[in-house]
Every structure is written in structure tokens, then in C-alpha cells.
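Here is the structure we will look at.
No value in this document is a laboratory result; all are computed from the given coordinates. Model, not experiment: these values are computed from the prediction. We place every Cβ from the backbone using ideal geometry, glycine too, and count neighbours over all the protein chains shown.
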Amino acid sequence: MAVPATILKELEVPYKVTKENVEAYNKNRFIKLKHVLSAGAIAVFNEIIAAQVDKMNTVTTALAQRDTYGKAFLQLFNLWRENADIRSLIFSRRLGKIAADLMQVEGVRMYHDQALFKEGGGGITPWHADQYYWPLETDKTITAWIPLQETPLEMGPLEFSAGSHQIIEGRDLSIGDESETFMEQRLKVTDFEHIIEPFDAGEVSFHSGWVFHRAGANTTPGTRRAMTIIYMDRDMKLIAPKNKNQQLDWDTWCPGAAIGAVINTPMNPVLYDRNQL
Ligand SMILES: O=C(O)CCC(=O)C(=O)O
């Protein structure tokens, strides 16, 4: 199935990010925006991305036999390099401009994309902050989490601890049982609100690298399909890795980038730039 021209056109139309949206994002370091994509666009990309995930997935182990991370989702990376239709979503001006507007930067580039499919009966996504994995100089990073269907609470939509980017403890934890237990306790003794809400079809959340987030289990028989795009500031520089996961990320998502230099490799194209039409 090719993406219809009407939908390609929609992806070029700017979304109005308001001053209030930017303020809310700055305060909470996440925001959920409705009507970012049309129901038609969601239906088309749901089908295309699900077919691509089927093609790329190599996991055959039964859910019950996997660890917590493995039960959370099937995780497939950089679909933009595999499929031109998916590339049109990932490179869309509409999404890229929202990321740049929220971060108040001139432009954004690709860190990597990933499909995160929480299978029917799949487990929780433990509390974590993404930037633990990233050898990046600043926190001008944003993930667009794009559910590919309406996502009720029973399917495990993304949850956020609003404003929790201020917490330093727990930033050194990878995703797993320890991060879930530790952060659950740590966040309980703060005033940061735990936001657990369903997503409409076409609603998209945007979260920054240090805000803590998780997702509940998928208690339905169907798969919770989500596509994500990790954007970074167009001028983001690489730093020396602080842990082995950051070294792995450097080797995998920006090979050839040099410490102290802007991450301008073929794997990290600019996705939106205010100075280019
Ligand atoms: O989809 C999920 O369950 C988790 C997503 C997530 O943690 C992320 O996109 O940063």
C-alpha cells in the first residue's frame, strides 16, 4: 500500500504550536497534542508499519520466556532506512516542526526512529529516562511517540511523571526491574504528577530525554502499535560516552561522529530546518 497523495500533503501542513504549549512542555518536559495526524493517516501508517515490523522482527521466543525488557515490546529500529513510505512520515515537516517549536531550536535532526509494538498480553515498560543511553551534549532531545491506533489504558499507553527531569537519582539506570522499582519509590515522595491517560487516534506525545516515563501492560489480546521518532537539536554535539550503552549508541546510531563535533553523519539527516523552505 502506498501513502495517498492527500496524506503526503497533510504531512507538510504546519501544526500550530502555541505559546502555552511551549510553556507546558518546558515545565513538564512532555506534552500530548491532539489531531497531529488524521484518522486516515493513522490507518495508512498502521498498516504500512505493521507490515514492515513483521518483515524485520526476528523475535520468536514466547512472551512468558522473555525478561521484563523483552516482554515490554518488540523493538525495531530505523525503519526510515528500509521503507520509503515510512520515510515520508519520519521526514514530515509537520512532526519535525513541532519538535523544533517545542525545543525552541532552529532545526532538528534524526537520532534514530523505532517501532515499539507491545504485544497482546505484553508486560510493562519500566520507569526510565531515555537520555541515560545517549552520548549527547545537551538535553535538546525530543521523542515523538505516535500510537498507530486509539490507545485505551488497557493497551498500555505512554505515562509520564510531569516535571521529573529535575530528578537526578535514577538517571544512571537502564530500563529494567531495578529502574521500575527504584523510580516508583522515588517518584512517590515527590509532587510530580503521574499522568496516565488514553490516546486518541492522531494524538501524539512529545517527551524530552530526562523526563521519567513508563507504560502499563497490554491486557488486551491486540498489539499496541507505536512508532517513535527521536529528534535532537540540529546542532547537537557528541560527548565522550559515560557508560557502555552510550558507547553502543555512538557505534550504532551515529558511527563516524567525532566527540565535540556536531553529529552530522548520513545516519543523522536534518529533518526540519527553519532556514530551509
Ligand atoms: O512504547 C513504550 O512502551 C515505551 C516508549 C518509550 O519509553 C519511549 O519512546 O521513550
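Among the listed pairs 32/55; 19/118; 16/242, a Cα-Cα separation exceeding 32 Å is found for 19/118; 16/242.
For the chain, the relative contact order is 29 percent, taking Cα pairs closer than 8 Å that sit 6 or more residues apart in sequence and dividing their mean separation by the residue count. Evaluated with a Cβ-only charge set (Lys, Arg +1; Asp, Glu -1), the chain carries a dipole of roughly 480 debye about its Cα centre, given to the nearest 20. Taken as Cα centroids, the stretch 132-186 and the stretch 1-49 sit 21 Å apart, rounded to the nearest whole angstrom. At 20 Å minimum axial length over the Cα atoms and a Kyte-Doolittle cut of 0.0, report the qualifying DSSP H helices in the chain, or say none. Those that clear 20 Å and a mean of 0.0 are 39-56.
Taking each DSSP H run with n ≥ 4 as -39500 (n - 2.57) and averaging over every residue of the chain yields -8500 deg cm²/dmol at 222 nm. Each of 98, 78, 128 was scored by the projection of its Cα onto the charge dipole of the stretch 34-140, and the greatest displacement toward the positive side belongs to 98; charges sit on the C-beta of Lys, Arg, Asp and Glu.
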